[in-house]
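**Student:** Quick one: the structure is below, questions incoming.
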Amino acid sequence: MSPQPAHADLSLEEQLVAYLDGELDVEASRRVEELLATDPKVRQALQGLDRTWELLGELETPQVAERFAQSTLEMVAVAAAEDTERSRTDASRRRRRRWVILSASLLAAGAAGFLGMSLRPDPNRQLIDDLPLLENLDEYRQIGDIEFLRSLHKQGVFAEEGGDEK
């Protein structure tokens, strides 16, 4: 019988470690025990892990000085303060960058609007050019047609008023 994982999410080695630590549920423990009873390779792996845990248990637990814990906490506090300061600086830079981009955009929009208005033809220019005609429009409407004007011109009426005859 080939080794099959007792629990689908864990590898065989992880299942064996969990078995040694008493972390498996009843069903998973039963499956591991079946594997141990039928497969010598699984038993050998379990024994190797068990010896490793025993050797680790024989090691001395190093004593850490109180100063070590204090200096570690101080380093964490300094790192947190630096992170906070960096966050504030970055936020300030982002705010300034947004204002610069907004200002530049508004300036560009204003310049584009000014140029667009200054380059477009003035709709009132034609009215200004036609102002002398419009000032005398009532008199011009009394003239029936162009033949009447030609007859007046031949008689010299226009030469007396303007002083320039063609």
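**Student:** Name the one entry in THR52, THR72 that is modelled with pLDDT under 90, surrounded by 10 or more Cβ atoms within 10 Å (Cβ to Cβ) and under 30 Å from TYR19 (Cα atoms). Please lay out each step first, then the result.
**Tutor:** Numbers: THR72 fails: under 30 Å from TYR19 (Cα atoms).
THR52 is the lone residue from the list that is modelled with pLDDT under 90, surrounded by 10 or more Cβ atoms within 10 Å (Cβ to Cβ) and under 30 Å from TYR19 (Cα atoms).
**Student:** Then there's this: What number of residues in the range 38-49 are farther than 15 Å from GLU14 by Cβ and assigned to a helix (DSSP H, G or I)?
**Tutor:** Within the range 38-49, the subset farther than 15 Å from GLU14 by Cβ is 38-41, 43-44, 47.
Still in the running and assigned to a helix (DSSP H, G or I): 38, 40-41, 43-44, 47.
Matching residues across the range 38-49 total 6.
**Student:** In addition: Would you check if VAL157 is more than 60 Å from the chain's Cα centre (by Cα) and hydrophobic (A, V, I, L, M, F, W, C)?
**Tutor:** Working: more than 60 Å from the chain's Cα centre (by Cα): yes; hydrophobic (A, V, I, L, M, F, W, C): yes.
Answer is yes for this residue.
**Student:** What are the residue pairs meeting all of these: first residue in the range 58-74, first residue touching a residue at least 12 places away in the same chain (Cβ under 8 Å), second residue surrounded by 10 or more Cβ atoms within 10 Å (Cβ to Cβ), Cβ atoms under 6 Å, and 6 or more apart or on different chains?
**Tutor:** Sorted first by the residue in the range 58-74, then by its partner, the list stays empty.
**Student:** Residues in the range 24-33 that are surrounded by 14 or more Cβ atoms within 10 Å (Cβ to Cβ) and out of contact with any Phe, Trp or Tyr (no Cβ under 9 Å at 6 or more places or on another chain): how many?
**Tutor:** 2
**Student:** Filter the range 55-69 for residues that are under 52 Å from the mean Cα position of the chain (by Cα) and exposed (fewer than 10 other Cβ atoms within 10 Å of the Cβ); which is farthest from ASP21 (Cα to Cα)?
**Tutor:** In the first step, residues of the range 55-69 are kept if they are under 52 Å from the mean Cα position of the chain (by Cα); the result is 56, 61-69.
Filter once more, so that each one left must be exposed (fewer than 10 other Cβ atoms within 10 Å of the Cβ): 56, 61-67.
Values: LEU56: 14, THR61: 20, PRO62: 23, GLN63: 25, VAL64: 26, ALA65: 30, GLU66: 31, ARG67: 33 Å.
Of everything passing the filter in the range 55-69, ARG67 is farthest from ASP21 (Cα to Cα).
The values are calculated or read from the model by the stated rules, or taken from the named source; none is laboratory data. Note that the structure is predicted; figures quoted are calculated from it, not measured. Virtual Cβ from ideal backbone geometry, glycine too; neighbours counted across all protein chains shown.
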